[in-house]
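The values are calculated or read from the model by the stated rules, or taken from the named source; none is laboratory data. From a predicted model like this one, the values you see are computed outputs, not experimental measurements. With ideal geometry, Cβ positions are generated from the backbone for all residues, glycine too; neighbour counts draw on all protein chains shown. To get the accessible areas, we keep the full protein, side chains included, count just its heavy atoms, and leave off ligands, DNA and RNA. Shrake-Rupley method; radii C 1.70, N 1.55, O 1.52, S 1.80 Å.
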Amino acid sequence: FPPARRHIARASRVSNEGLDMASALCDEIKANALRGDSEQYDLAGFSPAWLKDLVDGCLGQTLPAKTYVACKFIIGGGKKTRAKYDPDMLKHLSEALRGAGLEEDRGASACEQCQGMYKYQHDTDKDLKYLHVFPRVSVVRAGDDGASAADAGGVEDRSPEMQCVSCSFEEFRDLVAMNVPSFSQKRALLKRMKVMTAALEQLEQMLVEQKSLTEQEQEMYDAMVDVSDKVEYLNKELEKMVAKGRLTKGEQKQMMDDFAKKMEELDVMSAAAEAEGKVKRRDALLAKKDEIADKANAVAECKPIVYTVAHEKEMNDLRAEIAALSKLENSGKLLKGDDLSKLAKKPRLEERLAQLEGEDKGWFEDECRDVLFTPSAVKKAPAKKKAAASGAGGGGWLVTAAKKSGSARPAGGAKAAGPANPFALLGDD
């Protein structure tokens with residue numbers, strides 16, 4: 001969704017002839033939603049009755065909006081600000097929201113699946129307390145051809161990377177935790193985020209050169225929030241996973257192959273430097289190779305973890321039973337009553353299998369499946385139709401420690417205590 005613009009809508013007391021605080025704020029929230037703006041609002045001075053009016057007049061309704069929006073309400077703070085707010089504001093506002101049918105979800109964000117949800121946040125850095133509300137919306141159609149804003153392209157692209165670059169940093173961390181739990185999924189997201197970073201840099205260069213942006217380019221530029229900080233956060237999360245050995249056997253092998261490729265490149269570069277008589281460059285390249293070898297040794301020493309798919313046994317049993325029924329169905333033989341009874345169960349079995357296979361485990365699972373799961377779990381996984389903003393996030397996975405290390409130590413290089421930043425050595429690839 002479009003970025004919060006750090007705008008704080010402060011409701012002020014008005015005369016008896018004017019609108020009251022709640023009504024004025026309702027009008028502003030509705031106007032912002034219609035523009036597709038997710039804003040921050042300060043509820044200093046709001047009484048419980050006004051909070052109830054705010055929910056009844058706006059947050060509990062279905063709002064016409066350009067896209068899915070978030071309303072970030074300041075409801076309290078530390079010593080310097082707490083006197084401005086009702087100490088029980090969280091309780092009163094939450095009760096009013098629940099009374100209007102909204103539900104609390106700590107992983108909610110501004111997306112289709114999270115309409116009608118809210119979550120509490122205490123920002124210890126700013127010493128402020130927030131309640132994020134994601135109202136139900138009816139996305140306004142644009143143009144006479146009936147195409148919605150989402151169909152028109154631009155910032156309404158709900159791909160994982162677009163969701164990540166256009167949300168707040170706090171929501172980005174939630175999206176990462178929920179939707180890319182594994183190393184390979186985080187790495188897949190990082191690659192896409194780097195593409196978005198390059199696109200942002202290109203747009204910024206066009207503005208520096210005083211070139212006009214198209215409407216779609218302008219919308220994309222306006223939507224991007226804290227992209228470099230998000231890329232840095234992803235890099236650090238990858239470093240932590242490597243340092244803690246949170247890699248599957250397939251991920252370890254993938255990293256070892258990347259390390260080996262990098263060392264081969266350094267061998268070629270150092271040989272060229274030696275041939276040119278550039279001794280210092282050669283020595284620097286060889287030192288870099290030794291460093292990578294140490295990192296590779298450290299990765300190889302870690303015991304790989306194992307992700308298994310929830311309901312894996314049931315899915316394999318269903319596949320076997322469906323295959324047997326399909327063979328019977330296509331046998332060309334005259335089927336008897338028992339056989340027909342068995343075949344009558346096939347649609348229900350296929351429906352159950354589709355239900356289990358369709359459970360969302362996170363973004364890029366199909367792309368990363370070969371390095372994430374055991375061979376039995378890799379069978380016949382259906383392609384995801386579209387990544388959701390807040391899926392199960394790997395909640396169906398079971399993680400165990402493998403009994404043996406899955407990767408051999410590369411030749412050369414001493415055993416290292418632990419990788420400082422092995423992922424950074426892989427480059428952009």
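Check segment 296-310 and report whether any residue there is free of Cβ contacts under 8 Å to residues at least 60 places away in the same chain and part of a helix (DSSP H, G or I).
From segment 296-310, those free of Cβ contacts under 8 Å to residues at least 60 places away in the same chain are none; that's our starting set.
Looking for residues that are free of Cβ contacts under 8 Å to residues at least 60 places away in the same chain and part of a helix (DSSP H, G or I), one finds none in segment 296-310, hence no.
Working only within segment 216-266, note down all residues that are β-branched (Val, Ile, Thr), at pLDDT below 90 and part of a helix (DSSP H, G or I). If the condition is that a residue be β-branched (Val, Ile, Thr), at pLDDT below 90 and part of a helix (DSSP H, G or I), then Val242 is the only one that fits.
Are any residues in segment 242-252 buried (at least 20 other Cβ atoms within 10 Å of the Cβ) and aliphatic (A, V, I, L, M), and if so, which ones? The answer is Val242, Leu247.
On inspection, Arg82 qualifies as within 22 Å of Asp123 (Cα to Cα) and at pLDDT below 85.
Every residue, every condition in (1) at pLDDT below 90; (2) under 34 Å from the mean Cα position of the chain (by Cα); (3) within 26 Å of Glu103 (Cβ to Cβ), yes or no:
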| residue | (1), (2), (3) |
| --- | --- |
| Arg6 | yes, yes, no |
| Ser12 | yes, no, no |
| Leu19 | yes, no, no |
| Ala24 | yes, no, no |
| Asn32 | yes, yes, yes |
| Leu43 | no, yes, yes |
| Gly57 | yes, yes, yes |
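Taken over segment 53-85, residues that are of a type in the set (Val, Ile, Thr) and surrounded by fewer than 22 Cβ atoms within 10 Å (Cβ to Cβ) amount to 2. If I filter segment 104-117 for residues that are closer than 21 Å to Cys58 by Cα and loosely packed, with under 14 Cβ neighbours inside 10 Å, do I get at least one hit? So far as segment 104-117 goes, yes, one or more of its residues are closer than 21 Å to Cys58 by Cα and loosely packed, with under 14 Cβ neighbours inside 10 Å.
Considering (1) over 30 Å from Cys368 (Cα atoms); (2) of a type outside the set (Gly, Ala, Ser); (3) open to solvent by 60 Å² or more (accessible area, probe 1.4 Å); (4) touching a residue at least 24 places away in the same chain (Cβ under 8 Å), the lone condition that Asp283 does not fulfil carries the number (4).
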